[in-house]
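What follows is one structure encoded as structure tokens, with my remarks underneath.
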Protein chains: 2
Amino acid sequence: MGSVAFDTVETPEGRADEVLGGSATYFGFAASLFGPVGLVGVVGDDFPDAVLEMLRARGIDTRGVQRLPGRTFRWAGRYVEDMNRRETTGLELNVFAQFDPALPEAYRGGGYCFLANGTPSIQHRVIDQLRSPKLVFADTMNHWIAEAPDEVRSVLGRVDGVIINDEEAMMLSGRHNLVAAARAVAALGPRIVVLKKGAHGCLLAIGDAIYPLPAFPLEEVHDPTGAGDSFAGAFMGTVAKADDASVATLRRAALYGTLVASFSCEAFGVERLRGLTLREVEARGKLFAEMLRL
Amino acid sequence: MGSVAFDTVETPEGRADEVLGGSATYFGFAASLFGPVGLVGVVGDDFPDAVLEMLRARGIDTRGVQRLPGRTFRWAGRYVEDMNRRETTGLELNVFAQFDPALPEAYRGGGYCFLANGTPSIQHRVIDQLRSPKLVFADTMNHWIAEAPDEVRSVLGRVDGVIINDEEAMMLSGRHNLVAAARAVAALGPRIVVLKKGAHGCLLAIGDAIYPLPAFPLEEVHDPTGAGDSFAGAFMGTVAKADDASVATLRRAALYGTLVASFSCEAFGVERLRGLTLREVEARGKLFAEMLRL
């Protein structure tokens, strides 16, 4: 569950206007590398059927995508110099403001669920519709942590894991040390905490154990938009494919998240993810393992 | 070659007044884990003989430490919240302003040399005194890159490698992408480029090959002062001990640099490094390898 959007993005490498974006979209492309994935979101009456068709051709189930009268969610942003920081230059929630997710019956029972951005109340409504889910992970945003901290915490109390940015973890925990922040977030409920650090990689915390991973080094980053959601899609896809949540699987999930996120940055929008194959991801994984061999 | 100083440091974890510090000091403690190391620096007449004796007891040769009339270099700084950033609150160069390094004869021939902070002209004077060195590495600082960019570049043209902060590499290269920045720095001369990223680890660039390493995750950082110089000391110590500059040795050097830097952060000043043993470093290395195993 997340947003489906049209993004306008400016980076030092170029610009893209009204390209397909949104957290659920990036997540879906990434997760589809590993197996079936169902997308829950909302689009307006301006959203082309051909794009939904393209998603389905990729193996992304779109039965959970509602169409409402009005315009699709629009986001515009700019990355300056250091690609780790961005500013939002335009935001139109449009139909996303009326979004009330109704999960198709086929999605409700015993699966793997990821709650991408959205109000905490929408995240709650998705959880309410799940029956004995195997694993529920959530993301959240600085906006909600600032505006609705108690609601964010109540969501965290209902999930198995979070995949959030380092700054969000600092905001949630009041701790600047990331290991301490991860443990403080875990104390709010989720037993698995993944902190994303952009170009600096990620930190996976499971119980007392901490596993750091650098990012795959890229010489050219064209557009970091959606890298975090791509990470989450590959992470959840890996876990769902293995159908277990062992430490070994979660570590492999963080690795695949890292790899797929790196591909996502190589072109604007979902351009690089659209045609990406698991074979390419695994080839990069071999390179990465060689780089990291101690 | 570098500074020997008294530091006054404030971090969110506490405060230390006029404790032993300086780049050469941290470097020396770290390098001494791996074999003999000779320190080239300057102290004032206020510097206790007992401290020089303590350095020698650690296996650090102090024949290269000059004593000049006047006060020893003083530095004061404060780390705020995010331990990756610090502000200098006091700086007295004192005798360091008159420092004209004269290498003991025993240091001049065919060894491994690290040029820590200091003016580019002082770094040049050290290089001038070396005869067929096996490997020369340098550090530099944002101050010199801003004030004397041509002199910094002329030093870089004479060294085999650099160990610098990510921000210094960005300043030197004008590139924000760290892989691109490392390559641009390499194009200035040094064929081995190590970019230190504080709590985010490091990036080792040798020719076209890039090796990222995360930092060893610490839940409590008491004082990051000297972590970069400790990294450099362990890096050069590892290379000198192996007496080769193969890719495998340089990668192991970056690993030992990472590990020793993490110990350095665990207490104020050189407190943790003073009693550190190679056995402790290797035990942490085993944990780290397990954390990173892909």
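Is there any pair with a first residue in region A:11-33 that is farther than 25 Å from A:K241 by Cα and a second that is buried (at least 23 other Cβ atoms within 10 Å of the Cβ) and among the charged types (D, E, K, R) whose Cβ atoms are under 6 Å apart and which are 6 or more apart or on different chains, and what are they?
Qualifying pairs under 6 Å: A:T11/A:D223; A:V19/A:D7.
Tell me which of these A:G198 doesn't satisfy, since it passes every other one: (1) under 19 Å from the mean Cα position of the chain (by Cα); (2) facing chain B (nearest Cβ under 9 Å).
Checking A:G198 against (1) under 19 Å from the mean Cα position of the chain (by Cα); (2) facing chain B (nearest Cβ under 9 Å), the one that fails is (2).
Filter region B:266-294 down to the residues that are among the charged types (D, E, K, R), over 12 Å from B:Y256 (Cα atoms) and at the interface with chain A (Cβ under 10 Å from one of its Cβ atoms) and list them by number.
B:E290, B:R293
Restricting to region B:88-139, count the residues that are modelled with pLDDT of 95 or more, small (G, A, S) and at positive phi.
Of the residues in region B:88-139, 1 are modelled with pLDDT of 95 or more, small (G, A, S) and at positive phi.
Within region A:92-114, take every residue that is exposed (fewer than 14 other Cβ atoms within 10 Å of the Cβ) and among the charged types (D, E, K, R) and give me the one that is farthest from A:K197 (Cα to Cα).
A:E105
Got at least one residue in region A:76-94 being within 20 Å of A:P48 (Cβ to Cβ) and of a type in the set (V, I, T)?
No - not one qualifying residue is present in region A:76-94.
Taking the condition of being surrounded by 17 or more Cβ atoms within 10 Å (Cβ to Cβ) and either out of contact with any Lys or Arg (no Cβ under 8 Å at 6 or more places or on another chain) or touching a residue at least 60 places away in the same chain (Cβ under 8 Å) (or both), how many residues in region B:46-57 meet it?
2
Using the structure shown, decide if A:G70 is touching a residue at least 60 places away in the same chain (Cβ under 8 Å) and either surrounded by fewer than 24 Cβ atoms within 10 Å (Cβ to Cβ) or closer than 27 Å to A:A240 by Cβ (or both).
So A:G70 does not fit the description; no.
So that you can scan it fast, the table gives a plain yes or no per residue for (1) more than 13 Å from chain A (Cβ to nearest Cβ); (2) out of contact with any Phe, Trp or Tyr (no Cβ under 9 Å at 6 or more places or on another chain):
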{"residue": "B:P190", "(1), (2)": "yes, no"}
{"residue": "B:L204", "(1), (2)": "no, no"}
{"residue": "B:I210", "(1), (2)": "no, yes"}
{"residue": "B:T225", "(1), (2)": "yes, no"}
{"residue": "B:A232", "(1), (2)": "yes, no"}
{"residue": "B:V239", "(1), (2)": "yes, no"}
{"residue": "B:D243", "(1), (2)": "yes, no"}
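For the condition out of contact with any strand residue (DSSP E or B) (no Cβ under 8 Å at 6 or more places or on another chain), more than 14 Å from chain B (Cβ to nearest Cβ) and not hydroxyl-bearing (S, T, Y), what is the one hit in A:P48, A:P36?
Only one candidate passes the filter, namely A:P48.
When you scan region B:250-257, do you find a residue that is in contact with a Ser or Thr (Cβ under 7 Å, 6 or more places away or on another chain), more than 10 Å from every other protein chain (Cβ to nearest Cβ) and free of Cβ contacts under 8 Å to residues at least 24 places away in the same chain, even just one?
Scanning region B:250-257, I find at least one residue that is in contact with a Ser or Thr (Cβ under 7 Å, 6 or more places away or on another chain), more than 10 Å from every other protein chain (Cβ to nearest Cβ) and free of Cβ contacts under 8 Å to residues at least 24 places away in the same chain, so the answer is yes.
A:Y256 - would you say it is surrounded by fewer than 24 Cβ atoms within 10 Å (Cβ to Cβ), of a type in the set (S, T, Y) and within 29 Å of B:D208 (Cβ to Cβ)?
When the stated conditions are applied, A:Y256 does not pass them.
For A:N84, are the conditions met, namely being in contact with a helix residue (DSSP H, G or I) (Cβ under 8 Å, 6 or more places away or on another chain), within 23 Å of A:G269 (Cα to Cα), crowded, with 20+ Cβ neighbours inside 10 Å and not charged (D, E, K, R)?
No: the conditions fail for A:N84.
Given the options B:R153, B:R158, name the one that is more than 10 Å from chain A (Cβ to nearest Cβ), assigned to a loop (DSSP other than H, G, I, E, B), at pLDDT 95 or above and over 14 Å from A:P217 (Cβ atoms).
B:R158
Among (1) surrounded by fewer than 24 Cβ atoms within 10 Å (Cβ to Cβ); (2) in contact with a Leu (Cβ under 6 Å, 6 or more places away or on another chain), where does A:K241 come up short?
So the condition that A:K241 fails would be (2).
Looking at (1) more than 16 Å from B:L178 (Cβ to Cβ); (2) away from chain B (no Cβ under 11 Å); (3) surrounded by fewer than 24 Cβ atoms within 10 Å (Cβ to Cβ), can you tell me which one A:S262 breaks?
(1)
Failed condition for A:T89, given (1) over 26 Å from B:H176 (Cα atoms); (2) more than 18 Å from the chain's Cα centre (by Cα); (3) surrounded by fewer than 24 Cβ atoms within 10 Å (Cβ to Cβ); (4) among the β-branched types (V, I, T), with all others met?
Result: A:T89 fails condition (1) only.
Can you name the residue in region B:214-223 that is under 16 Å from B:K196 (Cα atoms) and surrounded by 24 or more Cβ atoms within 10 Å (Cβ to Cβ) and, of all such residues, is farthest from the other protein chains (Cβ to nearest Cβ)?
So, considering only residues that are under 16 Å from B:K196 (Cα atoms) and surrounded by 24 or more Cβ atoms within 10 Å (Cβ to Cβ), the one farthest from the other protein chains (Cβ to nearest Cβ) is B:A215.
Here is a list: B:I163, B:I122, B:I145. Which entry is in contact (Cβ under 8 Å) with a residue 24 or more places away in the chain, farther than 30 Å from B:D61 by Cα and either more than 14 Å from chain A (Cβ to nearest Cβ) or part of a loop (DSSP other than H, G, I, E, B) (or both)?
Going through B:I163, B:I122, B:I145 in turn, the sole match is B:I145.
Can you tell me how many residues within region A:139-183 are under 24 Å from A:G111 (Cβ atoms) and touching a helix residue (DSSP H, G or I) at 6+ places or on another chain (Cβ under 6 Å)?
5
Could you figure out which of (1) out of contact with any Gly (no Cβ under 6 Å at 6 or more places or on another chain); (2) part of a helix (DSSP H, G or I); (3) buried (at least 19 other Cβ atoms within 10 Å of the Cβ) isn't true of B:F27?
Failing condition for B:F27: (1).
The values are calculated or read from the model by the stated rules, or taken from the named source; none is laboratory data. Predicted model, so just to flag it, every value in this text is computed and none were measured. Ideal geometry is used to build each Cβ from the backbone, glycine not excepted, and the neighbour counts take in all protein chains shown.
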